[in-house]
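Presented below is the structure to which this report refers.
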Amino acid sequence: MNHVLVWVGYLCFVVAGVQVIRLIKLHYEEKERSEKEAKKYEQEAQRLQAKVRYLEEEAKRKKIVEEKRKYLQKKKEQQIKKQKSNQPNKGVQYKHGKRKDKHIDQKYKGTPELWGVAGIYANTYITLKREILFGRSYSCNLVFPEEMPRISRRHCLLKYDRNKGMFCLTDLQSSYGTFLGNGKKLKPGESVWMAVNEEFCLGNGERFRVGVRTGS
């Protein structure tokens, strides 16, 4: 009888020990799972914080870009307004109004002039002192607006030779070319001689005529 009781007690001890071990194992598994979830939530929180910082920096960058765009737009409008003013360009003198062709003839003596036939300088005659540099750059003598991309920053150069009584037109590697009145396109860097009353045009259709004024 005592022997049976010992075995029963032993079995109860073993069962209790197994239960304790199982409970301890469950405890550690639950603890490990909780730590993994906590680490996952922490990583998610860090990711969200990084995203918030990125969005804040992006908003600041967009604000700076927008302010810069407005500044450049305002500056561009001021440049266009300045270009459209009636102040003469550097190195040339020009007036607006119709001019009769009888004032432009082929005599060598007289004042070389450039007559605007078509474009923003239409009905404008310009006196050549030495030479005229055409382009969108402010270093040019005859300046075109920035919104005319078919005009290069330094498009072409026009000079007058009093000994020959002719004009020399030089293309300055322009992007869209310089054309004579007959439609011939000058090669990049090419120079041609033009007689009085001949015409030429720039890449966007700005057309001019050269001549020599001998009377008022």
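What follows draws every value from the coordinates through simple rules; no lab data is involved. Because the structure is predicted, anything quoted here is derived from the model rather than measured. FYI the Cβ positions are ideal-geometry reconstructions off the backbone, even for glycines, and counts take in every protein chain you see.
Here are some notes:
- Cα centroid separation, segment 188-212 to segment 35-61 (Å): 65
- At R0 = 45 Å, FRET efficiency that the Cβ-Cβ distance of Asn123 and Gln78 yields, to 0.05: 0.95
- Each residue, Trp193 and Met148, gets one label point 7 Å from its Cα in the Cβ direction; the gap between the two is 2.9 nm.
- Remark: spin-label model distance Ala50-Asn182 equals 7.1 nm, labels positioned 7 Å along the Cα→Cβ axis.
- Ranked by how many other beta carbons lie within 10 Å on average, peptides 152-163, 171-182, 59-70 from highest: 152-163, 171-182, 59-70
- Each peptide in 122-135, 41-54 was scored by the mean count of other Cβ atoms within 10 Å over its residues; highest first, the order is 122-135, 41-54.
- When peptides 185-193, 140-148 are sorted by average Cβ neighbour count within 10 Å, with the highest value leading, the order is 140-148, 185-193.
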